[in-house]
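Engineer: Have a look at this one.
The values are calculated or read from the model by the stated rules, or taken from the named source; none is laboratory data. Computed from a predicted model, the values in this text were never measured in an experiment. Using ideal geometry, Cβ is built from the backbone for each residue, glycine included, and neighbour counts are taken over all protein chains shown. Heads up: the accessible areas ignore ligands, DNA and RNA and are worked out on the full protein's heavy atoms, side chains in. Shrake-Rupley method; radii C 1.70, N 1.55, O 1.52, S 1.80 Å.
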Amino acid sequence: MRWNMIATWKMSIDGVREGMELLRKDGDICKAVIEAVKNVEDNEAYSSVGYGGLPNEDGAVELDAAFMDGETLDAGGVMAVRNIKNPVEVAHRLSKYRRNCFLAGEGAVEFARSNGFTICEMLASSAKIKYENTILRGKGQNPLEAYKEHDTVCIIGRDDMGRMACGVSTSGLFLKHPGRVGDSPVIGSGFYVDSLSGGAAATGVGEDIMKGCLSYEIVGRMRRGQDVQSACQEALDDHIRQLESRNHKAGSMSVIAMDKNGNIGAATNLKIFPFTAGSSSGKCEVLAAVNTRGNRRIMRADDVRWEEYGGD
Ligand code: SD4
């Protein structure tokens, strides 16, 4: 099956549907990927991306996002930005420049403001309540517990002519240190796409993912002729082995990828890692990479035992 979009977590399904609809009407894969990511950024129900994202230890929502065009290799990103409604749009704009493509903090916000992007409060009441309750219950005193709450929407798209693009967006770790940046907006680590080979993106504990250029490694394997699924699995396994050989206990890590022909792959060190896929023919579905006692499979949503899963 040839797919036109693959995206991390179940939360991406409405975005993928919207992206596919747009691709059918408009044909522009960059636009389709951006609108799909924005759909997740705008949904308050998702506590790890855009509006509704959980705040840092100061109670402020700080967001990371990036965009890459697989045809031109243009890439841009914003890091640790506050009050930007759709950081992926700013990342896309930055990808058009030859210099200053990755901006952090105030400089990025100033760029967004002066270029007419929407600036607004990003702390939703649901996230504020969660923050206050966590601090009150003293749970924030064990940040390693709170840090477990995180996800990233990563979306890789391909049009029927083979042009590829990738967008990512996240609020990072709940109660992170102000200014903390994860792997998501770091090119090669959290995302990479090249229409001549394929694209890959990662989600999980950024500090661990960044110890290797996981997304670039997967694309490099596809470039050297490896199939997309084994590129995902072997790159992730190798990376975890590298960490463990240095006595690092690897945090959660999951990857998605699409090759230049629209075949998809995914791998994880979680028990269940849901992801979504869409095609311009109208098919959109939730799939999952599942690890049960060493048995690793990609399954359709209907065949997964979701009781064992509690995420978005
Ligand atoms: C980060 N990689 O900021 C992101 C968070 C994430 O699943 O994707 N969690 O480290």
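Engineer: Taking a probe of 1.4 Å, how large is the accessible area per residue of the range 5-308, in Å²?
Structural biologist: Spelled out: the 1.4 Å probe surface of the range 5-308, per residue, equals 42 Å².
Engineer: If you don't mind, another one. Tell me the trypsin sites (Lys or Arg not before Pro) within the range 1-76 that lie in a loop according to DSSP and have at most 14 other beta-carbon atoms within 10 Å.
Structural biologist: The qualifying sites are 2.
Engineer: If you wrap a convex hull around the Cα atoms of the range 6-120, how much volume per residue is inside, in Å³?
Structural biologist: 106 Å³
Engineer: Another question about this same structure. Thinking of the range 5-308 as a set of Cα atoms, what percent of all their pairs are more than 23 Å apart?
Structural biologist: 51 percent
Engineer: Still on this structure: Can you tell me, using C-alpha contacts under 8 Å and at least 6 residues apart, the relative contact order of the range 149-305 as a whole percent?
Structural biologist: Over the range 149-305, the number comes to 16 percent.
Engineer: Need the C-alpha centroid separation for the range 15-30 versus the range 268-312, integer Å.
Structural biologist: 23 Å
Engineer: Let me ask something else about it. Students often get this wrong, so check it: of 130/211; 31/271; 85/283; 25/96; 10/38; 96/148, which have C-alpha atoms separated by over 27 Å?
Structural biologist: 130/211; 31/271; 85/283; 96/148
Engineer: Of the accessible area of the chain, with the probe set at 1.4 angstrom, what percent is carbon plus sulfur?
Structural biologist: In the chain, the share of accessible area belonging to carbon and sulfur is 48 percent.
Engineer: Sticking with this one: Could you tell me the relative contact order of the range 6-145? Use alpha-carbon pairs under 8 Å, at least six residues apart, and round to a whole percent.
Structural biologist: Over the range 6-145, the number comes to 19 percent.
Engineer: What 222 nm value per residue comes from the helices of the chain, counting each DSSP H run with n ≥ 4 as -39,500 (n - 2.57) and dividing by all residues, nearest 500 deg cm²/dmol?
Structural biologist: -9000 deg cm²/dmol
Engineer: Same structure again: With all pairs of different alpha carbon atoms counted, what Kirkwood hydrodynamic radius in Å does the range 32-75 show?
Structural biologist: With all distinct Cα pairs of the range 32-75 included, I get 11.8 Å.
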